[in-house]
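Asker: Handing you this structure, nothing more for now.
No value in this document is a laboratory result; all are computed from the given coordinates. Quick caveat: nothing in here was measured; it's all calculated off a predicted structure. Positions of Cβ are backbone-derived with ideal geometry, glycine not excepted, and every protein chain shown enters the neighbour counts.
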Amino acid sequence: MTDAVTNPANATKGLPSLAGFSAPIVAGLGLILGYLGGNAAGLGLVGALVGAALGALLAYAAAGAFDAASPVKFASNRTAGRWTMIALYGLIGLALGLVPGLVAGVLIGAVMSWFAYWIVRGDYRKGVPPYATPGQVLWHNAFLFICGAIFFFLIAPIVTIIPLSFNAEAFFTFTPEMLALDPAGYSLRHYEDFFTNSDWQLAMRNSLIIAPFATIIAVTLGTVAAIGLSQSHVPGRQAIMAILISPMIVPLIISATGMFFFYSAMGNWLEANLGMSRELTGYIKVILAHAALGIPFVIITVTATLVGFDRSLTRASANLGAGPVRTFFKVQMPLILPGVISGGLFAFITSFDEVVVVLFVGAAAQKTLPWQMFIGLREQVSPTILAVATILVTFSIILLTTVELLRRRSERLRGMSPG
Amino acid sequence: MTDAAASPDKITGPTPDTAIRDAERADGPMVAADGRPLKQSLNRALRRQKMRALALIAPLLLFILLTFLIPIGQMLFRSVENQIVTDTLPRTVVSISDWDAAGGEPPSQEVFADFARDLTLAAEQRMHTRLGSRLNYEQPGISSLFRQAGRGMTDMGEEVMESLVAAEPAWEEAQTWVDLFGTPDWQAENADWLVLKDEGGMRFSIPPPEFEFRPEAREALPRTADAFADFELFSRVDDIESVAEETPWPLVHVSLAEDLAANPGAVEAFDGETRARLEAVLPVAEAEMPFDYRAAFAEMDEDWLEVSFWETLQTFSTPFTSGYFLTAADRKLTADGVQMVPEDQRIYGTLFLRTMVMSLGITLSCILLGYPVAWLLANLPLRTANVLMILVLLPFWTSLLVRTSAWKVLLQQQGVINDLLVWLNIISDANRLVLINNQTGTIIAMTHILLPFMILPLYSVMKTIPPSYLRAAKSLGATNWTAFWRVYFPQSVPGIGAGSILVFILAIGYYITPEIVGGTRGVFISNRIAFHISTSLNWGLAAALGTILLALVLVLYWLYDRIVGIDNVKLGG
């Protein structure tokens with residue numbers, strides 16, 4: 001619903017009245033934004049008045065009132081019209097508040113110009129049937145606006161930390177230099193700190209040791225068990241499923257408490273009887289604990305994939321003389337592989353992101369990335385956390401894309417199989 | 001597996017056809033290809049299939065049992081376990097059971113005598129501080145009493161020992177005691193061990209041979225033998241020393257004096273040098289006895305005579321206790337039964353209530369925010385919905401710590417939101433909003449973190465509601481609201497139920513986020529459990545709180561299973 005090509009039919013018929021509807025509404029938004037902008041400069045009321053006047057002006061411009069006098073044909077060329085409006089707001093912002101003012105002005109200009117065209121062209125009625133009452137149209141748009149606000153709530157906190165991680169100062173907020181887009185306000189020092197600080201490097205290394213091992217255990221045991229569970233006659237299937245899913249349901253703090261007692265005893269036993277070093281037993285403890293936590297995810301994703309699996313394929317394979325092992329690796333595995341991999345990714349992220357259990361079960365030598373972040377957050381040491389967070393967000397975008405691609409592939413594969 | 005489809009004519013072995021022909025020929029039950037009755041054959045195949053399925057599941061089941069269920073079971077057990085008292089004070093626990101606190105008097109000399117002997121061994125083994133901490137949970141102040149006793153116990157009865165030694169200096173020698181109780185065989189073995197030890201040097205770690213009492217000596221001086229056995233056990237196991245090298249504790253001397261005073265005839269059981277030594281101290285023993293244990297304890301600290309201490313000890317002398325659970329419920333086990341603790345110490349009820357109320361608040365705000373988004377996603381064209389879905393899945397896949405730190409950055413007083421509001425002159429610099437380290441912070445951050453867990457189940461349910469229902473309702477004259485409320489909403493209730501239970505279960509067990517953004521007033525019961533595990537070390541109480549939380553979650557889990565079914569849990573759309 002941005003500045004897509006406008007429907008020419010809309011331009012000729014059913015356009016809202018300019019003076020009675022469009023101009024006051026755009027002026028209203030201008031009033032609010034103008035008040036906010038004016039407030040920042042200490043002139044709230046003046047800002048509101050100027051904003052309202054500008055809003056009305058925009059509405060008239062978008063309707064083509066100045067097309068005869070100006071080089072920009074607002075009514076027919078929406079893109080050029082919007083850029084003109086944005087430039088106008090940018091200039092006002094620059095005059096009032098230098099570079100930060102310019103940024104704010106451009107943002108407000110973008111919102112205002114979009115809104116002006118949206119209202120004047122009657123685009124707001126696009127999503128509803130032509131017979132809808134004004135109340136229904138209002139509700140429809142209010143609903144979209146609410147949903148937009150919720151999406152903003154979901155994504156904004158994650159996006160905000162990305163620019164903050166390039167902060168040149170050791171602050172957790174935007175400095176005036178950053179807002180002024182001054183290159184001196186930005187730096188890679190927090191990333192540098194992450195890659196050179198031995199604490200962070202140890203944490204990173206531990207995370208990369210523990211998570212893969214935990215994932216391998218969880219995926220191997222989980223896939224085999226999921227295949228067993230998906231057979232047609234399993235006695236006590238419900239109860240077994242409940243037990244296998246339980247690590248996901250039991251609150252982490254309880255799992256951690258239980259494991260704390262059990263694993264410290266187990267660690268001592270391993271050290272005393274098998275002569276393992278303290279460090280090795282530490283890793284074993286954390287890996288086993290994380291594998292247990294990751295198993296429910298593998299079970300859930302793999303059983304979901306197996307639901308659509310065509311059993312006659314394994315029978316056909318057996319009929320053609322393949323043994324169970326060969327059937328598994330040549331026929332079944334390639335088909336359920338997407339489910340196995342996404343289960344594995346879930347298990348990996350569970351371990352990679354886990355902090356409560358490792359906090360209780362592990363020793364300082366097994367300090368993982370989330371643990372180090374947790375310490376940093378509690379003691380408020382350095383914004384290096386934000387650099388790490390940005391790296392992790394990039395990492396999760398990659399994971400998300402992988403899982404999404406795998407899901408599509410799995411659906412395609414299942415769609416292809418007969419039955 | 002009877003679906004072979006090859007032509008029956010070309011197969012020489014038994015085929016289903018042969019079986020059918022056989023069955024037609026005979027009047028008996030229908031048989032399978034190999035001649036067995038079909039029913040039996042089917043059962044066997046089914047059984048084999050079941051066994052194979054179980055064999056595939058078994059390794060994982062075993063793994064979960066070992067690495068997850070047993071640890072949790074052990075933790076649950078810890079919430080009632082109280083063996084430290086019976087283990088550390090075995091004699092006292094028995095003798096105090098007859099004492100009646102209602103009399104207002106401290107227990108008898110016998111109880112104090114048993115207590116002195118138990119405590120001496122405990123103090124030497126460094127167990128007394130742990131026992132002190134355990135009892136301190138029930139009555140504050142006991143811990144320091146015990147810690148101080150650790151030093152006092154080694155001196156108790158010293159004056160008796162001194163007068164015995166004054167009468168017969170041999171009683172200060174370790175060898176005298178060994179001669180008194182040890183069998184000749186043991187003495188020989190011990191001598192060998194001492195030689196070994198001399199050669200072994202610093203890292204020598206072979207324990208000395210186990211002590212063997214001469215039966216007649218043990219019978220003649222029962223209390224002394226008992227006390228000496230304690231001393232022997234300690235030096236052999238904890239100290240790795242032979243009893244032949246060290247003088248026993250003064251309390252062993254006191255026991256000897258007690259035995260001699262009670263039964264002077266005991267000396268008859270000995271002969272030679274030992275008898276002479278015993279006879280030498282006989283008059284001193286009679287003069288010194290009875291030893292006043294109570295006074296000896298009172299000399300260390302008057303508080304040992306407090307009735308309340310002995311009451312606590314008596315109440316918690318059972319091997320299992322409901323004490324931790326009562327504490328978790330803000331109650332206390334006293335001699336008069338279960339009572340509420342004073343008003344200002346009732347924290348757990350408040351904490352549980354707060355955890356529940358805040359989790360409920362988080363669940364409600366997740367429903368409010370999740371429902372419109374799920375509706376939008378379910379009703380948009382698939383392509384657009386998939387793009388918008390990324391906005392839901394990205395937070396879902398992003399590390400919990402990352403999201404928590406983002407909220408910390410946004411919400412703090414010098415944070416982004418406050419800075420923005422100040423810059424816009426909406427609030428003044430002096431009146432920055434307090435959004436973090438309180439309940440607001442916890443609710444905002446946790447709603448954000450748990451919102452995808454609400455949207456995803458809601459979306460999968462809404463996806464199955466045909467849009468034609470709404471259109472039908474409207475074409476029959478329903479207003480938008482009626483159509484939604486009477487037709488659409490009831491069908492989406494399972495999604496709300498699934499999402500709510502999931503979010504609620506996750507919320508009440510949260511630890512990390514409340515710990516970082518919750519301050520003191522926004523923390524959950526989990527934070528208290530973590531505090532007891534790692535800071536106060538009151539593990540029994542942590543286990544009891546955990547058990548209550550677990551019970552709560554399991555009830556919800558059961559509900560979830562009834563409503564949604566565990567098999568229907570879906571992840572990532």
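Asker: Where does the charge balance sit around residue B:342 when Lys and Arg score +1, Asp and Glu -1, over other residues with C-beta under 13 Å from its C-beta?
Answerer: Here the count lands on 0.
Asker: Can I ask one more? Kindly provide the helix-only [θ] at 222 nm of the protein assembly as shown, computed as the sum of -39,500 (n - 2.57) over DSSP H runs of four or more divided by all residues, to the nearest 500 deg cm²/dmol?
Answerer: For the protein assembly as shown, the value works out to -22500 deg cm²/dmol.
Asker: So, one more: Considering chain A as a Gaussian network with a 10 Å cut-off on Cα pairs, which listed residue, A:200, A:371, A:118, attains the greatest mean-square fluctuation?
Answerer: The residue with the greatest mean-square fluctuation here is A:118.
Asker: Quick check: from the Cα gyration tensor, does region A:274-314 come out rounded (a/c under 1.5), prolate or oblate? Don't jump to the answer; show the numbers that get you there.
Answerer: Working: a/c = 8.13, a/b = 3.11, b/c = 2.61.
Here region A:274-314 falls in the prolate category.
Asker: OK, next. Taking the Cα-to-Cβ direction at residue B:125 and at residue A:128 and moving 7 Å from each Cα, how far apart do the two end points lie in nm?
Answerer: Rounded to a tenth, the inter-label distance reads 8.1 nm.
Asker: Which value, in Å to one decimal place, does the Kirkwood hydrodynamic radius take for region B:158-290 when every pair of different Cα atoms is included? Write out the running numbers ahead of the final one.
Answerer: Values: mean 1/r = 0.0660 Å⁻¹.
After inverting the pairwise mean of 1/r, the radius is 15.2 Å.
Asker: On to the next question. Expressed as a rounded percentage, what relative contact order does region B:158-290 have, with Cα pairs under 8 Å and six or more residues apart?
Answerer: Reported as a whole number, the value is 33 percent.
Asker: Would you look at the GNM of chain A, springs on alpha carbons closer than 10 Å, and say which of A:170, A:347, A:218 moves the most?
Answerer: Checking each option, the largest mean-square fluctuation is seen for A:170.
Asker: Which value results when the Cα radius of gyration for chain A is divided by 2.2 N^0.38 Å?
Answerer: On the way: Rg = 29.9 Å, N = 419, 2.2 N^0.38 = 21.8 Å.
Normalised Cα radius of gyration, chain A: 1.37.
Asker: Let me ask another. Determine the sum of side-chain charges near residue B:316: Lys and Arg each +1, Asp and Glu each -1, restricted to other residues whose C-beta is under 11 angstrom from that of residue B:316.
Answerer: Neighbour charge sum, excluding residue B:316 itself: -1.
Asker: Roughly how tilted is helix A:369-379, in degrees to the nearest 10 and between 0 and 90, from the longest Cα axis of chain A?
Answerer: 60
Asker: Another one. Step through the residues of region B:254-261 one at a time and calculate ³J(HN,Hα) from phi using the Karplus curve (6.51 cos²θ - 1.76 cosθ + 1.60, θ = phi - 60°), rounding each to whole Hz and writing x for Gly and Pro.
Answerer: 4, 4, 4, 4, 4, 4, 5, 5
Asker: Just how far, in whole angstrom, is region B:247-312 from region B:351-378 if you go by their alpha carbon centroids?
Answerer: 70
Asker: I want to verify a result. In a Gaussian network model of chain A, Cα cutoff 10 Å, which of these has the top mean-square fluctuation: A:100, A:16, A:134?
Answerer: Taking springs between Cα atoms under 10 Å, the residue moving most is A:134.
Asker: Given 37 °C and 0.692 mPa s, compute D for chain B with the Stokes-Einstein relation, Rh being the Kirkwood radius over Cα pairs; round to the nearest whole µm²/s.
Answerer: Result for D is 103 µm²/s.
Asker: OK, next. Do any trypsin sites (Lys or Arg not before Pro) in region B:105-185 lie in a DSSP loop with no more than 13 other beta carbon atoms within 10 Å, and if so, which? Mind dumping the intermediate values first?
Answerer: Numbers: sites: B:117, B:126, B:130, B:134, B:147, B:151; in loops: B:126.
Listed in order of number, the matching sites are B:126.
Asker: Please give me the summed charge of the neighbours of residue B:540: other residues whose Cβ is under 10 Å from its Cβ, Lys and Arg +1, Asp and Glu -1.
Answerer: +1
Asker: List the extent of the Cα atoms of the protein assembly as shown along each of their three principal axes, largest first, rounded to whole Å.
Answerer: For the protein assembly as shown, the Cα extents along the three principal axes come out at 135, 102, 57 Å.
Asker: Roughly what percent of Cα-Cα pairs across region B:365-432 reach past 20 Å? Each step should come with its number before you reach the end.
Answerer: On the way: 1223 of 2278 pairs.
When every Cα pair of region B:365-432 is considered, 54 percent fall beyond 20 Å.
Asker: If you bin every alpha carbon distance in region A:198-416 into 5 Å steps from zero, what whole percent lands in each bin?
Answerer: Going out from 0 Å in 5 Å bins, region A:198-416 shows 1, 7, 13, 15, 16, 15, 12, 9, 7, 4, 2, 0, 0, 0 percent.
Asker: Using only the alpha-carbon atoms, how far is helix B:222-233 inclined from the longest principal axis of chain B? Give it as 0 to 90 degrees, nearest 10.
Answerer: Long axis of B:222-233 versus the principal axis of chain B: about 60 degrees.
Asker: What is the packing order of peptides B:81-88, B:321-328, taking the mean over residues of other C-beta atoms within 10 Å and listing the highest first?
Answerer: Working: B:81-88: 16.5, B:321-328: 21.6.
The most tightly packed comes first, giving B:321-328, B:81-88.
Asker: Turning to a different aspect of this structure: May I have the extent of the alpha carbons of region B:342-499 along their three principal axes, as whole Å values ordered from largest to smallest?
Answerer: 58, 47, 31
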